[in-house]
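S.K.: Here it is, the structure, as structure tokens.
The values are calculated or read from the model by the stated rules, or taken from the named source; none is laboratory data. The shown structure was predicted, so the numbers you read here are calculated from the model rather than taken from an experiment. Cβ atoms come from the backbone with ideal geometry, glycine included; neighbour counts cover every protein chain shown.
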Amino acid sequence: MDGADFRRLWDELANIGPADTGGYLRFSWSDADLACRDWFRAQAAARDLRLETDRNGNLYARWDASPPPGEPNDGRAVLTGSHFDSVPHGGAYDGPLGIVSAFLAVDRLRAEGAEPKRPIVVAAFTEEEGGRFGVPCLGSRLMAGVVDPERARRLTDPGGTTLAEAMRAAGADPDLLGPDPDRLAGTAAFVELHIEQGRHLDEEDAPVGVASAIWPHGRWRLDFTGEADHAGTTRLPDRRDPMLTFAFAVLAARKEARLAGGLATVGRVEAEPNATNAIAARVTAWLDARAPDEAVLDEILRGFESKVSERAGRDGTGFAIAPESETPIVEFDGALRDRIAALLGGAPVLPTGAGHDAGVLAAHVPTAMLFVRNPTGVSHAPRESATDEDCAAGVEALAAVLRDLAC
Ligand code: HGY
Ligand code: MN
Ligand code: MN
């Protein structure tokens, strides 16, 4: 497997959902997502892998096992894969790299004549980014039974389309959404390969690393309410301007995160009526906060909420904060992590602040992640990058892990 082998398959996805920013728009259940799903089905068919779609729209391509007769085998599968969907104008690699690498790892094992004793299953999870419906890892969370299907059906995208409507328009049945304990019980391990979202591997001069943990993190909806009025005639003391409280909140999030030793970001905002010459009536924004441990995350949120509430009192505005998703710390299976790091010749082991379907599955099955070097360190933006040679090294590493766990 070399860089050119990787590039051949990789280029097939490059034309699906590109935006003029150089990034991608691959929202779940959009035309781009459906094109990615068609591509997945074609890859499964080309390899004679058995295609399955679960009740939550997650896709699987299954290489059935041929265990030697008489050998004890519980028949549980080794799952590998990631997601197709992107954040708005996200990079090419976050998600698709794990799926392309999984198919190439299957090719790699077949080329050497491997015969798995356990099924090897390539997975594509739905709505990992929450880029359309707001809840990250929605497909895997539904599968794990940690999101209420009724709540999921009612989630809306920024245009007001519900998940149920989007699924129906795409030919999927939202009434089927719900937990899938049998699939989890039939999974022996999950390994997600992912672009690194930082420069740790570049600094260590290593093409591939292994995840140790995912920081606890979450998303909160922030509603600031005031009173619309004329920008040219309303005296400053008479205003109830939610934009002021919002502006304070952005700075407060940053300050609380800095003081506590975590991260906080306000990257999305909507104003009503969104007019240049009118005081806003309402501002809605979303806070993303992450921290190395739950005590620090809690400290950031408590500090943020009390400072912003106090400011809202002074501004005469309303302020409400509501969680949209909360993810506790994930420590990946220590034995699996150490086994993989050793198998890969002492690959670096690193934590991440980014969420992944692997973090959801880790509560149910032994789970590991491989990271591929990203020289820019940028992610969720067009400058996310990896060399073809490093991606090929990622495929080799994934094939070695699958060989170890399934063959
Ligand atoms: O970390 C995230 O924002 C998402 O789960 N990938
Ligand atoms: Mn992401
Ligand atoms: Mn991802």
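S.K.: Evaluate the following for Pro96: is it within 16 Å of ligand 2 (Cβ to nearest atom), surrounded by fewer than 22 Cβ atoms within 10 Å (Cβ to Cβ) and modelled with pLDDT of 95 or more?
M.R.: Judged against the criteria, Pro96 is not a match.
S.K.: Evaluate the range 136-143: report whether one residue or more is modelled with pLDDT under 95 and part of a loop (DSSP other than H, G, I, E, B).
M.R.: Checking the range 136-143: not a single residue is modelled with pLDDT under 95 and part of a loop (DSSP other than H, G, I, E, B).
S.K.: Could you list all residues from the range 318-335 that are surrounded by 20 or more Cβ atoms within 10 Å (Cβ to Cβ) and more than 13 Å from ligand 1 (Cβ to nearest atom)?
M.R.: Listed by number, the residues that qualify are Phe319, Phe332.
S.K.: Which residue out of Glu115, Glu127 is within 16 Å of ligand 3 (Cβ to nearest atom) and either over 19 Å from Glu384 (Cβ atoms) or not hydrophobic (A, V, I, L, M, F, W, C) (or both)? Show your work before the answer.
M.R.: Numbers: Glu115 fails: within 16 Å of ligand 3 (Cβ to nearest atom).
Exactly one of Glu115, Glu127 is within 16 Å of ligand 3 (Cβ to nearest atom) and either over 19 Å from Glu384 (Cβ atoms) or not hydrophobic (A, V, I, L, M, F, W, C) (or both), namely Glu127.
S.K.: Give me the residue from the range 119-154 that is over 30 Å from Arg403 (Cα atoms) and under 11 Å from the mean Cα position of the chain (by Cα) and, out of that set, surrounded by the fewest Cβ atoms within 10 Å (Cβ to Cβ).
M.R.: Val135
S.K.: When residues of the range 241-251 are filtered for being surrounded by fewer than 22 Cβ atoms within 10 Å (Cβ to Cβ) and in contact with a helix residue (DSSP H, G or I) (Cβ under 7 Å, 6 or more places away or on another chain), how many remain? Outline the logic, then answer.
M.R.: Just the residues of the range 241-251 that are surrounded by fewer than 22 Cβ atoms within 10 Å (Cβ to Cβ), to begin with: 243-244, 247-248, 250-251.
Keeping just the survivors that are in contact with a helix residue (DSSP H, G or I) (Cβ under 7 Å, 6 or more places away or on another chain) gives 244, 248.
Looking only at that region, the number is 2.
S.K.: Okay, next question. Got at least one residue in the range 116-134 being part of a helix (DSSP H, G or I) and charged (D, E, K, R)?
M.R.: The answer is no; no qualifying residue exists.
S.K.: Can you go through Arg219, Arg240, Arg254 and tell me which one is within 16 Å of ligand 3 (Cβ to nearest atom) and more than 30 Å from Val395 (Cβ to Cβ)?
M.R.: Result: Arg219 is the single residue among Arg219, Arg240, Arg254 that is within 16 Å of ligand 3 (Cβ to nearest atom) and more than 30 Å from Val395 (Cβ to Cβ).
S.K.: Taking the range 166-196 as the search range and keeping residues that are away from ligand 2 (no atom under 16 Å from the Cβ) and in contact with a Phe, Trp or Tyr (Cβ under 9 Å, 6 or more places away or on another chain), which one is farthest from Arg26 (Cα to Cα)?
M.R.: Looking at residues that are away from ligand 2 (no atom under 16 Å from the Cβ) and in contact with a Phe, Trp or Tyr (Cβ under 9 Å, 6 or more places away or on another chain), I get Arg183.
S.K.: Among (1) under 20 Å from Asn15 (Cα atoms); (2) in contact (Cβ under 8 Å) with a residue 24 or more places away in the chain; (3) away from ligand 1 (no atom under 16 Å from the Cβ), there is one condition Tyr93 misses while meeting the rest; what is its number?
M.R.: So the condition that Tyr93 fails would be (3).
S.K.: Quick one: which of Pro375, Pro366 is farther than 30 Å from Asp180 by Cβ and either in the same structural domain as Asp20 (by TED's automatic domain parsing) or out of contact with any Gly (no Cβ under 8 Å at 6 or more places or on another chain) (or both)?
M.R.: Pro375
S.K.: Report every pair of residues separated by at least 6 positions or lying on different chains whose Cβ atoms are under 6 Å apart, first residue within the range 353-370 and over 18 Å from Thr126 (Cα atoms) and polar (S, T, N, Q), second modelled with pLDDT of 95 or more and within 13 Å of ligand 3 (Cβ to nearest atom).
M.R.: Thr367/Ala358
S.K.: Determine if the range 282-298 includes at least one residue that is closer than 23 Å to Val330 by Cβ, touching a strand residue (DSSP E or B) at 6+ places or on another chain (Cβ under 8 Å), among the β-branched types (Val, Ile, Thr) and in contact (Cβ under 8 Å) with a residue 12 or more places away in the chain.
M.R.: Checked against the condition, which is being closer than 23 Å to Val330 by Cβ, touching a strand residue (DSSP E or B) at 6+ places or on another chain (Cβ under 8 Å), among the β-branched types (Val, Ile, Thr) and in contact (Cβ under 8 Å) with a residue 12 or more places away in the chain, the range 282-298 yields no hits at all.
S.K.: Against the definition (in contact (Cβ under 8 Å) with a residue 40 or more places away in the chain and either more than 28 Å from Glu127 (Cβ to Cβ) or not assigned by TED's automatic domain parsing to the domain that holds Ala281 (or both)), how does Gly334 come out, yes or no?
M.R.: When the stated conditions are applied, Gly334 does not pass them.
S.K.: How many residues does the range 155-166 contain that are within 19 Å of the chain's Cα centre (by Cα) and either at pLDDT 95 or above or among the basic types (Lys, Arg) (or both)?
M.R.: So the answer is 4.
S.K.: Of the residues that sit in the range 175-196 and are among the charged types (D, E, K, R) and farther than 19 Å from Val146 by Cβ, which one is nearest to the chain's Cα centre (by Cα)?
M.R.: That would be Glu196.
S.K.: Tell me the residue from Arg314, Arg339, Arg282 that is modelled with pLDDT of 95 or more and crowded, with 19+ Cβ neighbours inside 10 Å, please.
M.R.: Criteria check complete, one pass: Arg282.
S.K.: Return a yes/no flag: does the range 119-138 have any residue that is within 20 Å of Gln43 (Cβ to Cβ) and among the polar types (S, T, N, Q).
M.R.: yes
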